[in-house]
1. Any lysines with Cα under 19 Å of the Lys154 Cα? List them, leaving off those in the same chain fewer than 8 positions away.
2. Residue separation times 0.36 nm, minus the C-alpha to C-alpha distance between Gln25 and Lys169: what's the value?
3. Under a GNM of the chain (C-alpha, springs under 10 Å), which listed residue has the highest mean-square fluctuation: Ala219, Ala21, Ala38?
4. Name the residue, out of Pro30, Pro290, Pro63, whose mean-square fluctuation peaks in a Gaussian network model built on the chain with Cα pairs under 10 Å.
5. Students often check this: by mean Cβ neighbours within 10 Å, which of 89-102, 266-279 ranks highest, and how do the rest follow?
6. For region 32-38, what does the Karplus curve 6.51 cos²θ - 1.76 cosθ + 1.60, with θ = phi - 60°, yield as ³J(HN,Hα) per residue in whole Hz, taken in order and with x for Gly and Pro?
7. Sort largest first and round to whole Å: the equivalent ellipsoid semi-axes of region 1-78, each the square root of five times a Cα gyration tensor eigenvalue.
8. Could you pull out every whole DSSP H run in the chain that spans at least 27 Å of Cα extent along its own axis and averages -0.5 or higher on the Kyte-Doolittle scale?
Amino acid sequence: MYYPYFRGKQYDLITIRENAALLAQSGFTPIVEPVKEALSGLKRTLESVKEANGEIVLIVNPPNGDHSDDSSAIHTLLTNDFSDYDKLLAGIYLSEETTLAEIAEICNSHTNRRIAFIHAGFSEAKGLLGLIAEQAYDSEHIFLEQFCGKLYRKNFYGLRRILLRDGFKRRQANRLHPEVEFFSDLHATYSEEGMDGFGDYLIVGDDFSETGGPAYSVAIHITFIDLLKDEEMHIYHFKSDRYDTPTDPAGKFQEALNKLYLEVEKSASQIFKSTAIQEFLSLRERGHFPGLGYVKKLSMQHHIETLAAYFEANQG
């Protein structure tokens, strides 16, 4: 039902590993785009999801990062280490440049494995449908909304369809984020869109960068379900007071944490009291700064926990 899209960076993979049981229990299917050359962390992540009996999509032809020119190591990982893991789907990223011949070649490398087609600018819908019918591929279709209009998606009616929307509005600097803003309503409306599931890029967004720049302002991004607005999802941006220089990230983190604490402690707060939020409050109490990667991990974990709680409360 929920397909969170991760780039395979260190803390993205740690987030999946540490939440593998929750993801599996909730019926959530993470998508991983491997962007780092070393695959040891990815392998541990796949093993964790497998141990939890969860489902995961691994993009075997990633458009970004170290494997964008040669993804043979990813194919080898699937073939040699996870041949018996039937809940591991081979994800094929369909860009504007992808050809039907390339798609057939990848599919033929992973016979007897389900295929997740990630539609991201590809336009030969009729040709792909013919290939799927001819080869009887067991497939599902994930549409990146920024690339796929409704007419394109309509071609795949009757097949399993997932709509992925980027709810995170990236700014040039953290200080430019508003205190709170709309994130998405897709968790509540995907069936109205004729979809079998939905996805997002969590609190990171679709923009890919190899490394982050210096943090002049430290921000903690926290999503919540707004019960007063038809259960839309909104996002808080708790920002440090200081943003003139990149110095003292630890002190700036505490400034942002204080704002998170004040909001969470309100009697009318709608922030779900996730284990990630409890960890944020513990960090505040201890005055500890774990690094910005860890902060991002906690925000991603909170997002997953919030959606898991939402669907658990709305079962039936």
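1. Within reach: Lys126.
2. Full-extension gain reported as 48.9 nm.
3. Among Ala219, Ala21, Ala38, the largest mean-square fluctuation in the Gaussian network model of the chain belongs to Ala38.
4. The residue that fluctuates most here is Pro290.
5. Order by mean packing, descending: 89-102, 266-279.
6. Computed from phi, the couplings for region 32-38 are 10, 9, x, 10, 10, 4, 5 Hz.
7. For region 1-78, the semi-axes come out at 21, 12, 11 Å.
8. 292-313
No value in this document is a laboratory result; all are computed from the given coordinates. Since the structure is predicted, the reported quantities are computational estimates derived from the model, not experimental observations. Methodologically, a virtual Cβ is constructed for each residue, glycine included, from the backbone with ideal geometry; neighbour enumeration extends over all protein chains shown.
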